[in-house]
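Chemist: Before anything else, here's the structure in question.
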């Protein structure tokens, strides 16, 4: 028995495909919405880094066969998926399934993310860096620690996190002009709702860097099993000369190591600091298929 769950959302009552069940068991989840004969990943690439389908292992072909037939029955003639990583189900399974069924497929490199293994100790991590980057990290740590009484803590208490959000947004808007443009009040509401959901799911961690017992930088991380994801950060621009953005992120890496995490993910973007902290490039693709 096959069941496919849809839901309408938004002002235009667009359809969102949520779940495919076979014999009462969920075989996959497709976070898609349909608009003007096209299917897209649900969400905006302004706020997600990469997406994928969630599929029960070994049922990939069944899932994609059902999915594509269902989309065609909804008069969808094109699927456009932005930002899928190179080991996603899209590239590992859907692309081969689509070509085998003679669908037209287009694949292009779109962006990159950086991530790195976190095996061992802090000293082992430092030894994995190039000598130049290791020297740079130690120099910036030392300069920050010489500025006064310093501390870094990672908190997960909902009330404490909520109490620091106003200051996080204040710093964020003051960091750069483009960040102030990005962080509209609508975007702030999205961030606050995201924080609320992630805190309730026990996935969000807020890193706080302190100087003389005052918060001077924040790092928002997502903690998912063996991986710590760096989602966003902000810092007090009055202390820009202390490289607070870099230092707070390095402390987050150290915290991940202390927690025994196996992976640290810097997420989308090839900013220079990610390479300096040891990140390795992973390609992100855009994928289009004509049905």
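The values are calculated or read from the model by the stated rules, or taken from the named source; none is laboratory data. Predicted, not measured: the structure shown is a model, and the values here were computed from it. Positions of Cβ are generated from backbone atoms using ideal geometry, with glycine treated the same way; all protein chains shown enter the neighbour counts.
Chemist: Under the condition of being in contact with a helix residue (DSSP H, G or I) (Cβ under 6 Å, 6 or more places away or on another chain) and part of a helix (DSSP H, G or I), which residue from the range 252-269 is surrounded by the fewest Cβ atoms within 10 Å (Cβ to Cβ)?
Modeler: 254
Chemist: Condition first: on the phi < 0 side of the Ramachandran plot, modelled with pLDDT of 90 or more, loosely packed, with under 13 Cβ neighbours inside 10 Å and not in a helix (DSSP H, G or I). Now tell me which residues in the range 46-76 satisfy that.
Modeler: Result: 57, single match.
Chemist: I need a count of the residues in the range 82-107 that are in contact with a helix residue (DSSP H, G or I) (Cβ under 6 Å, 6 or more places away or on another chain), assigned to a strand (DSSP E or B) and buried (at least 20 other Cβ atoms within 10 Å of the Cβ).
Modeler: Qualifying residue count, the range 82-107: 1.
Chemist: Quick check: anything in the range 38-45 modelled with pLDDT under 95, within 23 Å of residue 232 (Cα to Cα) and in a strand (DSSP E or B)? Even if it seems obvious, please write down each step before you answer.
Modeler: Just the residues of the range 38-45 that are modelled with pLDDT under 95, to begin with: 38-45.
Retained after the next criterion (residues that are within 23 Å of residue 232 (Cα to Cα)): 41-45.
Right, trim to in a strand (DSSP E or B) and you get 41.
Within the range 38-45, one or more residues are modelled with pLDDT under 95, within 23 Å of residue 232 (Cα to Cα) and in a strand (DSSP E or B).
Chemist: If I ask for residues that are out of contact with any helix residue (DSSP H, G or I) (no Cβ under 9 Å at 6 or more places or on another chain) and either touching a residue at least 40 places away in the same chain (Cβ under 8 Å) or closer than 30 Å to residue 221 by Cβ (or both), which ones from the range 52-77 would you list?
Modeler: 57, 62, 66, 70, 71, 72, 74
Chemist: Which count do you get for residues in the range 188-225 that are in a strand (DSSP E or B) and either touching a strand residue (DSSP E or B) at 6+ places or on another chain (Cβ under 6 Å) or modelled with pLDDT of 95 or more (or both)?
Modeler: 18
Chemist: Still on this structure, I have one more. So residue 291 fits all but one of (1) over 17 Å from the mean Cα position of the chain (by Cα); (2) at pLDDT 95 or above; what number is the exception?
Modeler: (2)
Chemist: Mind checking which pairs have a first residue in the range 11-25 that is more than 23 Å from residue 60 (Cα to Cα) and a second that is modelled with pLDDT of 80 or more and assigned to a strand (DSSP E or B), Cβ under 7 Å, 6 or more apart or different chains?
Modeler: Final answer for the pair search is 14/33; 14/34; 14/35.
Chemist: Just the residues that are touching a residue at least 40 places away in the same chain (Cβ under 8 Å) and farther than 21 Å from residue 85 by Cβ, please, taken from the range 253-276.
Modeler: Hits for the range 253-276 are 254, 255, 257, 258, 276.
Chemist: Given the residues 118, 129, 137, which is the only one that is touching a residue at least 60 places away in the same chain (Cβ under 8 Å) and under 14 Å from residue 247 (Cα atoms)?
Modeler: Values: 118 fails: under 14 Å from residue 247 (Cα atoms); 129 fails: under 14 Å from residue 247 (Cα atoms).
None of the other options fit; the residue is 137.
Chemist: If we scan the range 236-251, do we find a residue that is farther than 22 Å from residue 170 by Cβ and either in a helix (DSSP H, G or I) or not assigned by TED's automatic domain parsing to the domain that holds residue 47 (or both)?
Modeler: Scanning the range 236-251, I find at least one residue that is farther than 22 Å from residue 170 by Cβ and either in a helix (DSSP H, G or I) or not assigned by TED's automatic domain parsing to the domain that holds residue 47 (or both), so the answer is yes.
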